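Asker: A single structure is presented below for examination.
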Amino acid sequence: MVHKYGPHIFHTDNERVWEYLNQFTTFMPYTNRVKTTSGGKVYSLPINLLTINQFFGKAMSPDEARAFIESQADMSISNPETFEEQALRFVGPDLYEAFFKGYTQKQWGCSPTQLPASILKRLPLRFNYDDNYFFHKYQGMPVDGYTAIVEGILDCPNVSVTLNHDFEKSQGKGYDHVFYSGPLDGYFGYSEGRLGYRTLDFKEIRGDGDYQGCAVMNYGDESVAHTRIAEHKYFSPWEAHEKTVCFAEYSRACEEGDIPYYPIRLTEEQALLKHYVDIASKASNVTFMGRLGTYRYLDMDVTIAEALSAADQALALIAKKEPIPPFFTQPL
């Protein structure tokens, strides 16, 4: 139940994905309620009516809070292009400085003025007291953890698994087709250079009792090196544990030999990505998939949905004896 690579809460609106995973596990009800420490105080995320009232020392109604935030927002920004512009237009300078600026700089290793506005557009702003981080129909945690799900998916007569072995492109020569979910640039031996990623380092914290009183605590201040701490026993509230295990997360640039987590996709990476997509589009008998294969940030449910769709399309093409394309979802 310890999430070795950071906390993962399953959430989706996709009926097919939900039904598919429920073949391999039982999901327990779970609501992700994130807290954040900023300026020596603890607040609720995503920003909701409690956060707004607590931060500004007020007791506003939903309509009053909406009008107040609009008065804080920079209305001169009509078409936000950067993360910072979107935040200033979205919540104004005070909430931006407290909850977004420092955290974002630590997470991405660059100024929010260099990041696209689309990153912030995913985050909700609520004028009620709903602190459920997600708003999807289905949310939960697998009762036996995610490893059991993967074991169930791979428990098939037609599937063999080789561990602790780097994939070499030459290995695909003995097969009609390869579905490749490793790094796109890695498949071509990084011939055009390395695409930029962020990776994570984890500092393990063990102790007795309760460490922080919640599953996830973000740290918005840039002066605090880590971005968040996850306390893993809170991800399985149906269990009881006298001891605790936590991991503090530190984000940094991904170097050779590191595990790539988050594709950066800034201007420089977009140009390099186009080179690799052009090369990949000319490749035969291979399809590039997943977060690494298409160099996109994907949640679990989207990854699974795309894989199921790719399987449908590939099987239909095989039946018609037609070629399978290099990409089912274009990275650009």
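Asker: At what distance in nm do the modelled label points of residue 316 and residue 190 sit from each other, each positioned 7 Å from its Cα along Cα→Cβ?
Answerer: Simple spin-label model gives 3.9 nm for this pair.
Asker: Between (1) 37, 25, 20; (2) 32, 23, 20; (3) 28, 25, 20, which entry matches semi-axes √(5λ) of the Cα gyration tensor in Å as derived from the coordinates of this structure?
Answerer: Here the calculated entry is (1).
Asker: Sequence neighbours fewer than 8 away in the same chain don't count; with that in mind, list the aspartates and glutamates whose C-alpha is under 13 Å from residue 121.
Answerer: Residue 121 reaches 81, 84, 85.
Asker: Need one number: nm distance between label points at residue 125 and residue 199, each 7 Å from Cα along Cα→Cβ, rounded to one decimal.
Answerer: If labels sit at residue 125 and residue 199, their model points lie 3.7 nm apart.
Asker: If I stretch the segment between residue 167 and residue 63 completely, what's the gain in nm (0.36 nm per residue apart, minus their alpha carbon distance), one decimal?
Answerer: Values: separation 104, 0.36 × 104 = 37.44 nm, distance 5.62 nm.
Between residue 167 and residue 63, full extension yields 31.8 nm more.
Asker: Just to be sure I follow the rule: in the stretch 174-332, considering lysines 8 or more places apart or on different chains, how many pairs have Cα atoms under 28 Å apart? The partial results should precede the final answer.
Answerer: On the way: 203/233; 203/243; 233/243; 274/282; 282/320; 282/321.
For the stretch 174-332, qualifying lysine pairs total 6.
Asker: Can you tell me the FRET efficiency between residue 144 and residue 20 if r is taken as the Cβ-Cβ distance and R0 is 22 Å, rounded to the nearest 0.05?
Answerer: FRET efficiency, residue 144 to residue 20: 0.85.
Asker: Among the aspartates and glutamates, select those whose C-alpha is under 14 Å from the C-alpha of residue 137, and discard any that sit fewer than 8 residues away in the same chain.
Answerer: Output for residue 137: 13, 15, 19, 301.
Asker: Taking the Cα atoms only, what angle lies between the long axis of helix 267-281 and the longest principal axis of the chain, rounded to 10 degrees?
Answerer: 20 degrees
Asker: Set the Förster radius R0 to 35 Å, insert the Cβ-Cβ distance between residue 70 and residue 271 as r into 1/(1 + (r/R0)^6), and round the FRET efficiency to 0.05. Working shown, then result.
Answerer: On the way: r = 38 Å, r/R0 = 1.08.
Calculated transfer efficiency: 0.40.
Computed from the coordinates by the stated procedures, all read-outs in this text should not be read as laboratory data. Not measured: the values here are computed from a predicted model. Note: ideal-geometry Cβ built from the backbone for every residue, glycine included; neighbour counts use all protein chains shown.
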